[in-house]
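What follows is a short report on a single structure.
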Amino acid sequence: LHVDGVGPRARIAPLVTTFTNTVLAGLGIRGGTIHWRVGDRELLVEKAEFDWCGGQARVYAVSVDLARPDIDLVLYIDRMDAGELIRLIKPLDGTATGHLYGRLPLRIRQGRIQLSEGFLYALPGERGNLRLRNTSFLQSYLERGTEPSPRTSWPRRAADALRLP
């Protein structure tokens, strides 16, 4: 974004931009609305709502330094299609059905998206499934947070339950 004639103390009133079919950091987005303003050397996204993976995603109060456009944000997910979402997550190779809700903290650095710890959950009472081709990374991750015990092999059993036949 380049704005001519705006000094360091100037503020532009809130603007609303509506868009369709765009790509942000490599992710296809079907459409949405962004409420934003330009402030002192920053772009402030007050609220953005967009259609993504068959559902809705929202972000609030995202500040972008115009000199260094690294972004930290929390993406709030509503009725996201689990099958579409799983195709975007690199270590996961498999199938999923159902709808997901939750929040995903994201960092965008030099055009690349990094996912940090968040949560997604299915609506209680709504059915879905998840099957993965390779569950070794998941088993390893679960074992790191579990005390070793000869009687407890739940990380392996959980990973086995998610593995595609």
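Annotations for the structure displayed:
- Looking only at residues in the stretch 26-42 that are β-branched (Val, Ile, Thr) and within 20 Å of Leu66 (Cα to Cα), the one that is modelled with the highest pLDDT is Ile34.
- Residue within the stretch 68-83 that is more than 20 Å from the chain's Cα centre (by Cα), open to solvent by 50 Å² or more (accessible area, probe 1.4 Å), modelled with pLDDT of 80 or more and under 30 Å from Arg41 (Cβ atoms) present: yes
- Among the residues of the stretch 116-165, those that are of a type in the set (D, E, K, R), touching a helix residue (DSSP H, G or I) at 6+ places or on another chain (Cβ under 7 Å) and either open to solvent by less than 60 Å² (accessible area, probe 1.4 Å) or modelled with pLDDT of 70 or more (or both) comprise Arg131, Glu143.
- Test: residue in the stretch 96-111 that is surrounded by 15 or more Cβ atoms within 10 Å (Cβ to Cβ), outside any strand (DSSP E or B) and among the aliphatic types (A, V, I, L, M): no
- Qualifying residue in the stretch 64-80 (condition: β-branched (Val, Ile, Thr) and part of a loop (DSSP other than H, G, I, E, B)): no
- Candidates Val3, Val45, Val64, Val23, filtered to the one that is modelled with pLDDT under 90 and open to solvent by less than 50 Å² (accessible area, probe 1.4 Å): Val64
- Cβ pairs under 8 Å, 6+ apart, first in the stretch 49-77 and in contact (Cβ under 8 Å) with a residue 24 or more places away in the chain and within 17 Å of Val38 (Cα to Cα), second open to solvent by 30 Å² or more (accessible area, probe 1.4 Å) and not in a strand (DSSP E or B): Asp65/Arg41; Leu66/Leu1; Leu66/Arg41; Ala67/Arg41; Asp70/Gln110
The values are calculated or read from the model by the stated rules, or taken from the named source; none is laboratory data. A quick note: this is a predicted structure, and the numbers were derived from the prediction, not measured. Here Cβ is always computed from backbone atoms with ideal geometry, including for glycine, and neighbour counts include all displayed protein chains. Note: accessible area is taken over every heavy atom of the protein model, side chains too, but ligands, DNA and RNA are not part of it. Shrake-Rupley method; radii C 1.70, N 1.55, O 1.52, S 1.80 Å.
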